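**Q** I have a structure I would like to understand better, so I am pasting it below and will then ask my questions one at a time.
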Amino acid sequence: MEIRPVPYDHPDAVKLDAAVQAEYDIRYGDGGDATPMDPADFRPPNGIYLIAYDALGVPVASGGWRVQDANEEGNRDGDAELKRMYVVEDMRGRGLARRILAALEEDARAAGRVRMVLETGTKQPEAIALYTSSGYEPCEKFGYYRFHEDSLCYAKKL
């Protein structure tokens with residue numbers, strides 16, 4: 001398994017993003033996540049986007065972080081927002097998400113970010129289990145879905 005940074009608009013990233021959007025649509029309806037995303041958000045030093053490739057070079061997992069500072073959506077100065085964590089179905093349960101999460105936390109810390117924040121939903125128990133077992137704790141709601149009942153927000157000091 002190889003984890004490497006790629007642009008958010010890289011074809012493999014686009015492919016995995018489409019897969020996660022389809023899964024969001026199945027779980028929540030409404031066509032997926034409508035959070036505004038810009039490839040520039042994931043360009044160092046303002047963030048990074050990682051993809052895990054299997055031994056054959058097939059993209060099997062992804063995740064990124066982007067800079068967030070105090071804003072009208074509830075972020076604080078020094079936040080790094082975790083986005084688009086995803087593992088293809090047949091590769092789940094092998095620790096890939098945990099490896100990507102650790103790499104993203106390390107990168108955000110090195111970039112001077114002080115807190116990693118994320119938004120997930122009530123219909124994603126696997127994600128909730130990953131984050132809580134990795135030291136994330138519930139925090140005040142922030143972001144695009146902060147007023148939605150199914151939205152859950154977590155934070156971890158870096």
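**Q** Could you work out the longest stretch of the chain that avoids the GluC sites (Glu not before Pro) located in DSSP loops with at most 16 other Cβ atoms within 10 Å? Spell out each step's value before the answer.
**A** Numbers: sites that count: 72, 73, 140, 149.
Between the exposed loop sites, the longest stretch runs 1-71.
**Q** Between 31, 63, 121, which gets the highest mean-square fluctuation from a Gaussian network model of the chain, Cα cutoff 10 Å?
**A** Comparing 31, 63, 121 in a Gaussian network model of the chain, the most mobile one is 31.
**Q** Report, by chain and number, residues whose modeled amide H sits under 5 Å from the one on residue 121, excluding near sequence neighbours (fewer than 5 apart, same chain).
**A** Placed amide hydrogens put 152 under 5 Å from residue 121.
**Q** May I ask which residue of 151, 125, 26 lies farthest towards the positive end of the charge dipole of the chain, with charges of +1 (Lys, Arg) and -1 (Asp, Glu) on Cβ and the Cα centre as origin?
**A** Final value for the positive-end residue is 125.
**Q** Please work out whether the chain counts as rounded, prolate or oblate from its C-alpha gyration tensor, where a ≥ b ≥ c are the square roots of the eigenvalues and a/c under 1.5 means rounded, while otherwise a/b larger than b/c means prolate and anything else oblate?
**A** Numbers: a/c = 1.42, a/b = 1.17, b/c = 1.22.
The shape class here is rounded.
**Q** Further question: Where in the chain are the DSSP H helices whose C-alpha atoms run 15 Å or more along the long axis and whose mean Kyte hydropathy is at least -0.5? Before the final figure, lay out the partial values.
**A** On the way: long enough: 11-28 (25 Å, -0.34); 96-110 (21 Å, 0.06).
Helix filter hits for the chain: 11-28, 96-110.
**Q** Quick check for me: using +1 on Lys/Arg Cβ and -1 on Asp/Glu Cβ, what's the dipole size of the chain about its Cα centre, in debye to the nearest 20? Don't skip to the answer; put the middle values down first.
**A** Values: 20 positive and 28 negative charges, 111 e Å.
Here the size comes out at about 540 debye.
**Q** Just to confirm the filter: which chymotrypsin sites (Phe, Trp or Tyr not before Pro) across region 99-158 are DSSP coil and have at most 12 other Cβ within 10 angstrom of their Cβ? Don't jump to the answer; show the numbers that get you there.
**A** Values: sites: 131, 136, 142, 144, 145, 147, 154; in loops: 136, 142, 144, 145, 147.
For chymotrypsin sites (Phe, Trp or Tyr not before Pro) across region 99-158 that sit outside H, G, I, E and B with at most 12 neighbouring Cβ atoms in 10 Å, the list reads 147.
**Q** What is the sum of charges, Lys and Arg at +1 and Asp and Glu at -1, for the other residues whose Cβ falls under 9 Å from the Cβ of residue 145? Before the final figure, lay out each step's value.
**A** Numbers: positive: 141, 146; negative: 33, 119, 150.
Combined, the nearby Lys, Arg, Asp and Glu give -1.
**Q** Add -39500 (n - 2.57) for each DSSP H run of 4 or more in the chain, then divide by its residues: what number comes out at 222 nm, to the nearest 500 deg cm²/dmol? It would help to have the intermediate numbers written out before the result.
**A** Values: 3 runs with 42 residues, N = 158.
The per-residue figure over the chain is -8500 deg cm²/dmol.
**Q** Name the residue from 108, 7, 58 whose Cα lies farthest towards the positive end of the charge dipole of the chain, charges +1 on Cβ of Lys and Arg and -1 on Cβ of Asp and Glu.
**A** It is 108, whose Cα lies furthest towards the positive end.
Every read-out reported here was derived from the displayed coordinates using simple, explicitly stated rules and does not represent laboratory data. Please read these numbers as outputs of a predicted model, since none were measured by experiment. Because the Cβ atoms are built from the backbone with ideal geometry, glycine has one as well, and the counts that use them run over all protein chains shown.
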